[in-house]
Amino acid sequence: MNIVKTIKEVRENVKQWRKEGLSVGLVPTMGYLHEGHESLIKRAVAENDRVVVSVFVNPMQFGPTEDLASYPRDIDADSRLCEAAGASLIFHPEPEEMYEEGFCSFVDMTGLTNALCGLSRPVHFRGVCTVVNKLFNIVMPDKAYFGEKDAQQLAVVKRMVKDLNMDIEIVGCPIIREADGLAKSSRNTYLSPESRKQAVILSKSIFMAKQMVLDGERDAAKVKKAMVDMINTMPLADIDYVEIVDVNTMKNIDKIEGNILCAIAVNIGGEARLIDNFMLSLSNA
Ligand code: PAF
């Protein structure tokens, strides 16, 4: 498995595969890969002849006070994981390769991005849409794989592909969790031992809320209050948002029905902003 740093090299590889009639999957990542990424890569390997994993900490999706500089990086470990999972190629560009001097074109979305993480991270989705668009144009995959942990990102990318008539199938893959329930994230490495203990409250509140809904609760305010109360039992937890939205519009709902996303973002100990969610499709009966 090769690691390449230039767009030209990716294109040469993909061109050769296409000549051979092979299908191509793409797994876009920011590196520091864990079992969540591994599950995406394995799914892509199962469904495509060749798989490109991009490893690029995209500066454009970080706000000025966010963790771009400290975001964890380990390309050697990433390459071992990709190789073992069966990936064909890693694309690991420098920022200058992706954003050459004079770069001034962006993919901007409204609506879906004016909610949840888009409110607390105003530049985030413009950066995500722009870089994902570029990666799609560079790799031209048949299918691209995204984790359901970033549920809003998944919805945004699906919408972008639809709106801009991109001929790419977007595949969402389930959240992978630690033994105690905490969703796997590269940012979990920021947590001190005490914060790590308290971070389990994210998944606990998600599991509790999902059970409330499965047991028949349809009042979004009641479910959200129960979650907020539970999260607030942890002194190190500082809630960014707890919301229940329609997954197609990302608009808040009062009555829980249809395709819903219950999503939370919580700062733990001032060390990491973590997210978690569940999605459900409920009949309106
Ligand atoms: O989910 C991520 O890791 C990033 O947002 C993505 C999709 C790789 C774009 O930089």
Test result for D74, among the acidic types (D, E), within 24 Å of I170 (Cα to Cα) and modelled with pLDDT of 95 or more:
no
I'm checking my understanding of the structure. Among residues of segment 1-35 that are of a type outside the set (V, I, T) and closer than 14 Å to V171 by Cβ, which one is nearest to the ligand (Cβ to nearest atom)?
P28
Taking strands (runs of 3 or more DSSP E) that fall entirely within segment 1-65, which contain at least 2 residues that are crowded, with 19+ Cβ neighbours inside 10 Å?
24-29, 50-55
Which residue out of V55, V132 is in contact with a strand residue (DSSP E or B) (Cβ under 7 Å, 6 or more places away or on another chain), within 17 Å of I170 (Cα to Cα), within 13 Å of the ligand (Cβ to nearest atom) and of a type outside the set (K, R)?
V132
Test: residue in segment 135-144 that is over 16 Å from S54 (Cα atoms), away from the ligand (no atom under 12 Å from the Cβ), over 15 Å from the mean Cα position of the chain (by Cα) and not polar (S, T, N, Q):
no
Looking at (1) within 11 Å of the ligand (Cβ to nearest atom); (2) more than 19 Å from the chain's Cα centre (by Cα); (3) of a type outside the set (S, T, Y), find the lone condition where P64 falls short.
(1)
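The values are calculated or read from the model by the stated rules, or taken from the named source; none is laboratory data. This one's a predicted model, so the numbers in the text were calculated from it and none came from an experiment. Cβ sites come from the backbone with ideal geometry, for glycine too, and all protein chains shown count toward neighbours.
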